[in-house]
2 protein chains.
Amino acid sequence: MDFEPMGVAADLIILTVRDGSLQVLLIRRGIAPYKGRWALPGGFVRPAEDLETAARRELAEETGLGSDRIHLEQVATYGQPGRDPRGRVVSVAYLALVPDLPTPVAGSDAASASWVGVADVLGDPKRLAFDHHRILTDAVERARAKLEYSPLATAFCADEFTISELRGVYEAVWGQALDPRNFHRKVTKTEGFVTPTGATTTRDGGRPAQLFQRGTATTLHPPLTRA
Amino acid sequence: MDFEPMGVAADLIILTVRDGSLQVLLIRRGIAPYKGRWALPGGFVRPAEDLETAARRELAEETGLGSDRIHLEQVATYGQPGRDPRGRVVSVAYLALVPDLPTPVAGSDAASASWVGVADVLGDPKRLAFDHHRILTDAVERARAKLEYSPLATAFCADEFTISELRGVYEAVWGQALDPRNFHRKVTKTEGFVTPTGATTTRDGGRPAQLFQRGTATTLHPPLTRA
DNA sequence: ACAAAAGTGTTGTTCTTACACCCATGG
DNA sequence: CCATGGGTGTAAGAACAACACTTTTGT
C-alpha cells in the first residue's frame, strides 16, 4: 500500500425543468480559486462515508430536499492533475433530477445558489469554474440519452402528472418539439411507464387531463426517440 | 481544503471473445488480503498521472498491449468505506475491449494472469476478491448495452473481419444466437458501421466471405436489439 | 360561441422477422 | 457430389409519422 493520497470530492449536477427549459443549480463561488465564478455544488467525501452518501448529503445541504426519493446516479469521475489548483483532487460527479418544487433553494454555506438555463451555460465554455463545463456537458448528455430508454423523465415530475407535463419534460431536455398525439399514445401504451390514478386536472387548460404516476418499468420497450 | 486523503486506484475489466465465449482477464492474488483469490488487475494512480493514463499503463503492464488502439472507457467509481481492508481506497473502473490476439498474456509482477469465462465468474459471487464481482457485473452490463447502439463490437475484432466473426462477438457477449442473414443485412446497411476492404477469406469455411474494417460511425441508427 | 388542450382514428411508410433460396468454396 | 457457410429475396406483421377529427373544459 504505497500510494499518493488524494482528495476525493462528490460534485452534483442538479437538474430540473422550469418554465419549459432545462435548468441546473449552480453556486457562485465566494472564495478563490475562481472567486465569483459559477460552479457545481459539491464537497469532499468524509472518512467513513460512501460516495453516494456524500452526494446525498450535499444534495440535502444545497436544496433542502430530504433526498430519499430524489433520483441520483453516478455519471463519471474526473481526475486530471491540475484540474484543481489547490492540489490533487479527484471528483466523482453525480446527476440528480428533481421536480420543479416551490423550494426556494435553501441558501447554505455556499454564497448564493440559483437555477441557470443549461443551454446558456453550455453555450459559454468559460462560465464555469474548474472543469465543470466538461462535467456538465457529460451529465446533460447522459440525461438526454437516458430519457430515450428509461422512464427517468418522471423524476422531473411531481407525484402526479399529466401526459403533457411529461411531454414538456422531454421537450425541455431534448430541446425539440414532439407530436402531442403520438407521444400520448406511445407513453400510455408502453408497459409499466405510467399508471393512471383515476383523477383528472384542468391545470393545463382545455379539456381535463388524466393524472398518472410513475410505473414500475426500469427500461422502455420500445424506446422513445429523438430526431 | 480540508479533506481525508484517500488512495485512488484504476482497476481494469479487460474483456475479449475467445472460442465463442466472453472472457475476462484476471490475476491470482499472491499476497494478503484475499491471497489466492482471483481479482481484476489494477493499481494506484500516480501523483502526476491522469486517471485514464493510469488505466492505460496498467493495461500495457498486464497484457503487453501497446494500448493506443485498444478501446478503453471509464465505467464507474467504487468507494465504499471498508471495500479494501487495508485502508480507504477509491477505485475507478475502466473497461477495455481487446481482440483475441495470440498474445500469451505477458505475466508481469502479478502472480499469474489468465482468461476466465465471464459466465463462470458471474455465476459465483465469491470467486473474486474485494467488490470485484460487483464491478465486473456493472462492466459487462455496460458492454452488453453498448453493443446495441454503438459499433463497439468491432473493438473485439482484428483489423479485418468478416460479418460472421462480428456476429460471433454479439452472440458471445449477449449469450444469444442471432439470425445470420438478417444480421448481415443490418450491419452492412447501417451507415458507417463497417466498410468493405475488397478482400475475401475462406477462413470460416464455406463460400468466401468479404472482409470489412470498422467504419467511422460512433452510434448506430437504428440500433441492434437483444431479444 | 370560441379557444385551448385532451385524446382517438386512419393511412401510408418504414423496420423487423422468419425463412426460402441461390452462390462459391473445400473436401 | 456434398457439406458448409455467405449472401439475397420476399412477404407478413409491427412500429412510426403525419395529420384529420372528436371531446371536454374555461371564459
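The values are calculated or read from the model by the stated rules, or taken from the named source; none is laboratory data. The structure presented is a predicted model; accordingly, all values stated were derived computationally and were not measured. For neighbour counting, all protein chains shown are included, and Cβ atoms are generated from backbone atoms with ideal geometry for every residue, glycine included. Note: areas computed on protein heavy atoms with side chains; ligands, DNA, RNA excluded. Shrake-Rupley method; radii C 1.70, N 1.55, O 1.52, S 1.80 Å.
Results, tabulated for the structure shown:
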| read-out | value |
| --- | --- |
| Between helix A:163-174 and chain A: long-axis angle, C-alpha atoms, 0 to 90°, nearest 10 | 40 |
| Mean separation of Cα contacts under 8 Å (6+ apart) over length of region B:69-227, as relative contact order % | 19 |
| Nearest-10 value in Å² for the accessible area of A:His71, using the 1.4 Å probe | 50 |
| Mean Cβ neighbour count within 10 Å, used as a protection proxy, ranking A:13-20, A:93-100 highest first | A:93-100, A:13-20 |
| Accessible surface buried upon A-B contact (total; probe 1.4 Å; Å², nearest 100) | 2300 |
| Loop GluC sites (Glu not before Pro), region A:165-227, which have at most 12 other Cβ atoms in a 10 Å radius of their Cβ (DSSP) | A:Glu191 |
| Nearest-first distances (nm) between copies at A:Lys35, label 7 Å from Cα via Cβ | 5.5 |
| Shortest-first nm distances, A:Thr219 label point to equivalent points in other copies (7 Å, Cα→Cβ) | 1.7 |
| Per-selection Rg to Rh, region B:7-145 - Cα, Kirkwood hydrodynamic radius | 0.92 |
| Test item: Cα-centred dipole of the protein assembly as shown, Lys/Arg +1 and Asp/Glu -1 on Cβ, debye | 760 |
| Loop trypsin sites (Lys or Arg not before Pro), region B:181-227, which have at most 10 other Cβ atoms in a 10 Å radius of their Cβ (DSSP) | B:Arg203 |
| Antiparallel bridges, percent of DSSP beta bridges restricted to region A:11-96 (to nearest 5) | 75 |
| Chain A - share of DSSP beta bridges that are antiparallel (%, nearest 5) | 75 |
| Partners for B:Lys186 among aspartates and glutamates (Cα-Cα distance below 19 Å; same-chain residues under 8 apart left out) | B:Glu148, B:Glu160, B:Glu165, B:Glu171 |
| Accessible carbon and sulfur surface of region B:150-214 relative to its total accessible area, %, 1.4 Å | 47 |
| Within chain B, helix-based [θ] at 222 nm, where runs of 4 or more DSSP H residues each add -39,500 (n - 2.57), nearest 500 | -8000 deg cm²/dmol |
| Label-zone membership for region A:183-227, site A:Arg144, 7 angstrom Cα→C-beta point, backbone N under 19 Å | A:223-227 |
| Partner chain coverage, peptide A:61-73 - average Cβ within 10 angstrom | 0 |
| Cα-centre dipole for region B:150-214 with unit charges at Cβ (Lys and Arg positive, Asp and Glu negative), debye to 20 | 220 |
| Per residue accessible area in Å² of chain A, where ligands, DNA and RNA are left out and the probe is 1.4 Å | 46 |
| In sequence order, calculated HN-Hα J values of region B:117-127 (Karplus, 6.51, -1.76, 1.60; Hz; x Gly/Pro) | x, 5, 4, 4, 5, 5, x, 10, x, 9, 5 |
| Label spacing, shortest first and in nm, from B:Asp68 to its equivalents in the remaining copies (7 angstrom along Cα→Cβ) | 5.5 |
| Residues listed by number, region A:151-186, amide nitrogen under 20 Å from A:Arg207 label point at 7 Å toward C-beta | A:161-168, A:178-186 |
| Between 0 and 90°, nearest 10: helix B:132-149 axis offset from chain B longest Cα axis | 30 |
| Residue of chain B nearest the B-to-A rotation axis [by Cβ], rounded angstrom distance | B:Pro5, 1 |
| Rounded to 10°, Cα long-axis angle of helix A:51-63 versus longest principal axis of chain A | 70 |
| Where trypsin sites (Lys or Arg not before Pro) fall in DSSP loop in region A:50-105, at most 13 other Cβ within 10 Å | A:Arg86 |
| Reach of A:Lys126 by Cα under 30 Å, taken over lysines that are not fewer than 8 positions away in the same chain | A:Lys35, A:Lys146 |
| Pairwise Cα inverse-distance average, inverted: Kirkwood Rh of the protein assembly as shown (Å) | 24.2 |
